[in-house]
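The values are calculated or read from the model by the stated rules, or taken from the named source; none is laboratory data. Since the model is a prediction, treat every value here as computed from it, not as a measurement. In this analysis, Cβ positions are derived from the backbone assuming ideal geometry, glycine residues included, and neighbour counts consider all displayed protein chains.
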Amino acid sequence: MKKQVRFDALKKRNSIPLLEQIELSSKVINNLVNSSFWHNATSVMLYLSIGSEVFTLFLLSKAIEQDKELVLPKVKGKHIVPVRVGSNFKLISGFGGILEPEKGDEYVNSISLCVVPLVAFDNKGYRLGYGGGYYDRFLKKYNDKIKLKVGLAYEIQRYEDLPAEDHDMMLDAICTERGIMQVEISKYSFLE
């Protein structure tokens, strides 16, 4: 079932014309940057977008500009390792052609805001990734060190209910072009 949902969600997301993706991404990023989640975060872990994902380069530059402690994912084997980078860092092509820091040590401090990619999400805060389990393993391993987990997505990626398994990690909020959906047990609301 997950495989079919993933296929359908990627097909929908990939069908968004590029100019619309840019416009929607800008709204998503502005919603996050103008939120208390972002303002209160001293350390931020971001991902580097690929394909039709919400474009995160503006978010990356905003974090640097605002002197937030910046952490990026680096894949080692089957695991994501959080790596702290300064304002002068080099990116290389890593696992699956995804950009990642060339070097850096594992970040061991608390992460105020962890921004994660997703293929689909539901109203309960479950996310569906690409199927490798990288972010689920990462979020589980570092759960005690992450204060807030937020997914970035377009509204077109929303599903009523996703098939969830025991190892699937819930997010605290999802940020879309419509606003920020903060997840609470079985209900959700959009933050101003």
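Using the structure shown, decide if E69 is crowded, with 16+ Cβ neighbours inside 10 Å and within 12 Å of the chain's Cα centre (by Cα).
Numbers: crowded, with 16+ Cβ neighbours inside 10 Å: yes; within 12 Å of the chain's Cα centre (by Cα): no.
The answer is no for E69.
Go through the residues of the range 164-173 one by one and say whether even a single one is touching a helix residue (DSSP H, G or I) at 6+ places or on another chain (Cβ under 6 Å), among the small types (G, A, S) and surrounded by fewer than 17 Cβ atoms within 10 Å (Cβ to Cβ).
No, the range 164-173 contains no residue that is touching a helix residue (DSSP H, G or I) at 6+ places or on another chain (Cβ under 6 Å), among the small types (G, A, S) and surrounded by fewer than 17 Cβ atoms within 10 Å (Cβ to Cβ).
Take the residues in the range 95-136 that are charged (D, E, K, R) and under 14 Å from the mean Cα position of the chain (by Cα); name whichever of them is surrounded by the fewest Cβ atoms within 10 Å (Cβ to Cβ). It would help to see each step written out before you state the result.
Initial filter on the range 95-136 (charged (D, E, K, R)): 100, 102-103, 105-106, 122, 124, 127, 136.
Those left that are additionally under 14 Å from the mean Cα position of the chain (by Cα): 127, 136.
Working: R127: 25, D136: 17.
It comes out as D136.
Only one residue in V44, V116, V81 is touching a Pro at 6+ places or on another chain (Cβ under 8 Å) and within 20 Å of K140 (Cα to Cα), so which one is that?
Being touching a Pro at 6+ places or on another chain (Cβ under 8 Å) and within 20 Å of K140 (Cα to Cα) holds for just one of V44, V116, V81, which is V81.
Please name all residue pairs, on different chains or six or more residues apart, with Cβ atoms under 7 Å, provided the first residue is in the range 77-89 and is farther than 15 Å from E65 by Cβ and in a strand (DSSP E or B) and the second residue is among the small types (G, A, S) and at pLDDT below 90.
Note: pairs meeting the criteria are V83/G104; R84/G104.
Give the range 72-89 a look and list any residue that's out of contact with any helix residue (DSSP H, G or I) (no Cβ under 8 Å at 6 or more places or on another chain), at pLDDT below 90 and exposed (fewer than 15 other Cβ atoms within 10 Å of the Cβ), or say none.
G86, N88
Quick one: count up the residues across the range 104-130 that are basic (K, R) and either closer than 19 Å to S35 by Cβ or touching a Lys or Arg at 6+ places or on another chain (Cβ under 8 Å) (or both). Before you say what the answer is, go through the steps one by one.
Of all residues in the range 104-130, those basic (K, R) come to 124, 127.
Subset that is either closer than 19 Å to S35 by Cβ or touching a Lys or Arg at 6+ places or on another chain (Cβ under 8 Å) (or both): 127.
Matching residues across the range 104-130 total 1.
Assess whether N40 counts as being surrounded by fewer than 18 Cβ atoms within 10 Å (Cβ to Cβ), closer than 19 Å to C175 by Cα and not aliphatic (A, V, I, L, M).
yes
Name the helices (runs of 4 or more DSSP H) wholly inside the range 1-53 in which the number of residues that are aromatic (F, W, Y) and touching a helix residue (DSSP H, G or I) at 6+ places or on another chain (Cβ under 9 Å) is 1 or more.
Values: elements: 2-14, 18-33, 36-40.
Once the helices (runs of 4 or more DSSP H) in the range 1-53 are filtered for at least 1 residues that are aromatic (F, W, Y) and touching a helix residue (DSSP H, G or I) at 6+ places or on another chain (Cβ under 9 Å), what remains is 36-40.
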